[in-house]
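The values are calculated or read from the model by the stated rules, or taken from the named source; none is laboratory data. What you see is a predicted model; the values in this text were computed from it and never measured. Note: ideal-geometry Cβ built from the backbone for every residue, glycine included; neighbour counts use all protein chains shown. Please note that ligands, DNA and RNA were not included when accessible areas were found on the heavy atoms of the full protein model with its side chains. Shrake-Rupley method; radii C 1.70, N 1.55, O 1.52, S 1.80 Å.
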Amino acid sequence: MTERQNWFEGWRLLAVLSLILVALSLWIASMRQFEVEGVRMVIRFTARSSLLLFCLAFSAGALARLWPNAWTRWQRRNRRYLGLSFAASHAIHAVAILAFANMDPAGFAEATSAASYVFGGIGYAVIIAMSATSFDRTAALLGPQAWRVVHLACGYYLWFQFMVSFGKRVPAMPLYAAFLIPLLAVLALRLIAMAVHPRGRTIAAR
């Protein structure tokens with residue numbers, strides 16, 4: 001078990017998760033012969049895989065402080081790679097969105113709005129900023145204090161955007177409320193970790 005855990009870490013973890021996401025996305029699209037509906041299925045799939053990976057990365061510090069065990073230590077140790085895997089998932093999401101826009105301009109225009117362009121664009125800028133500063137050299141250039149501020153602000157922006165993106169679908173599709181549960185749980189964990197361990201507030205907030 002220990003050897004397997006040690007192997008499934010760091011850049012290997014990122015590579016394996018990225019390959020799985022690409023393979024699953026191609027398989028899902030192929031189920032509809034790579035036509036518009038298949039591309040839209042990939043958009044929905046990667047939105048959900050991004051949510052999962054974001055929650056794993058965003059809750060890592062809080063969980064490690066509240067319940068230190070083998071899993072939470074692994075999660076915290078690989079927080080950077082889980083975050084980069086989230087970025088990879090959302091990159092596939094962007095490719096699928098562009099394919100949808102190219103294949104069905106009328107359907108794409110109906111499914112989007114000016115607000116989605118603005119907030120979605122900010123979201124991708126945030127993901128790029130976090131990814132670019134997730135390497136030792138760029139993090140060192142930014143400085144520890146600025147790095148914490150950037151990642152904290154960007155993380156909460158993405159949390160808010162996920163809440164809005166999934167929450168706005170709840171009135172039409174009530175089952176979408178299930179996707180809000182992990183987001184609310186992550187926020188609760190972070191707040192509890194900051195309350196229980198005030199001296200580790202900075203660490204738990206990351």
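Beta carbons closer than 9 Å, at least 6 apart along the sequence or on distinct chains, pair a first residue in the range 94-120 that is surrounded by 11 or more Cβ atoms within 10 Å (Cβ to Cβ) with a second that is among the hydroxyl-bearing types (S, T, Y) and in a loop (DSSP other than H, G, I, E, B) for I97/T112; A101/T112; G120/T112. Scanning the range 168-191 for residues that are more than 22 Å from H90 (Cβ to Cβ) and loosely packed, with under 12 Cβ neighbours inside 10 Å turns up P171, A172, P174, L175.
For I20, are the conditions met, namely being surrounded by 18 or more Cβ atoms within 10 Å (Cβ to Cβ) and under 22 Å from the mean Cα position of the chain (by Cα)? So I20 does not fit the description; no. Could you tell me whether any residue of the range 158-171 is part of a helix (DSSP H, G or I), over 30 Å from P68 (Cα atoms), hydroxyl-bearing (S, T, Y) and more than 16 Å from the chain's Cα centre (by Cα)? Checked against the condition, which is being part of a helix (DSSP H, G or I), over 30 Å from P68 (Cα atoms), hydroxyl-bearing (S, T, Y) and more than 16 Å from the chain's Cα centre (by Cα), the range 158-171 yields no hits at all. If you go through the range 33-57 and keep only what is among the β-branched types (V, I, T), within 30 Å of R77 (Cα to Cα) and open to solvent by 20 Å² or more (accessible area, probe 1.4 Å), you end up with just I43. Cβ-Cβ distances below 8 Å connect the following pairs, each with a first residue in the range 30-41 that is over 17 Å from E110 (Cα atoms), a second residue that is basic (K, R), and a separation of six or more residues or different chains: G38/R32.
Every residue, every condition in (1) hydrophobic (A, V, I, L, M, F, W, C); (2) surrounded by 12 or more Cβ atoms within 10 Å (Cβ to Cβ); (3) at positive phi, yes or no:
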residue: S131; (1), (2), (3): no, yes, no
residue: R137; (1), (2), (3): no, no, no
residue: Y156; (1), (2), (3): no, yes, no
residue: W159; (1), (2), (3): yes, yes, no
residue: F166; (1), (2), (3): yes, yes, no
